[in-house]
Amino acid sequence: MRRIHVVVAGVVLAGLVTGVALATPPSGATSTLLSAGAFTSNAHANQSANAVAQIVRVDFAQGGSTGWHSHPGAEIVTVQSGAVTFERVRDRECHINTYTAGQGFVAYPQDTFNVTNASATDPAEMVVVLFDIPSGGPARIDRADPGIC
């Protein structure tokens, strides 16, 4: 049995080394990480044909906020610097969470929400990927304060 394990391990290792040797390095192309965030729950987003996806950076002044709003599709957010408080209303229930640099969260079309800078003295920044925006339609839908958070 041990001999079989050694042979299998050797074949796997050879495949890994060969795969690396056959890879092609980039040429004339660079990528820049804008933001990254760890998620505490699963995230799902749909993108329809002919709909638009956007990537947006949101900068918050001290005490700044987005105002209550929603989006036509899902929104995946990573906090790049500072901390933000995410107030979300869905099915007449309010959920409030604060996220710091290196964390992420998702808002869905059925959510009405407000994001505020959690600090009265320091700025904050987040990078947002918006999905399923109707071509030629608005990416943001302003909403009234639900009054329950």
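Some points to look at:
- In percent, rounded to a whole number, the relative contact order of segment 52-142 is 48, using alpha-carbon pairs under 8 Å and six or more apart.
- Here segment 49-117 is treated with +1 on each Lys and Arg Cβ and -1 on each Asp and Glu Cβ, and its dipole about the Cα centre works out to around 40 debye.
- For segment 30-97 versus segment 101-146, the gap between their alpha-carbon centres in whole angstrom: 4 Å
- Most to least packed among 120-131, 89-100, 39-50, 61-72 [average Cβ atoms within 10 Å]: 120-131, 61-72, 89-100, 39-50
- Put simply, the amide H of Gly67, placed in the peptide plane, has neighbours under 5 Å in Val115, leaving out anything fewer than 5 places away on its chain.
- P(r) of segment 102-145 over all Cα-Cα pairs, binned every 10 Å from zero, in whole percent: 17, 48, 30, 5
- Taking Lys and Arg as +1 and Asp and Glu as -1, the other residues whose beta-carbon sits under 9 Å from that of His71 total -2.
- Here segment 71-149 yields Rg over Rh of 0.97, to two decimals, using C-alpha coordinates and the Kirkwood radius.
Since every read-out is calculated from the coordinates, none of them should be taken as a lab result. Here the structure is a predicted model, which means the values were calculated and not measured. Heads up, the Cβs are rebuilt from the backbone with ideal geometry, glycines too, and the neighbour counts pull from every protein chain shown.
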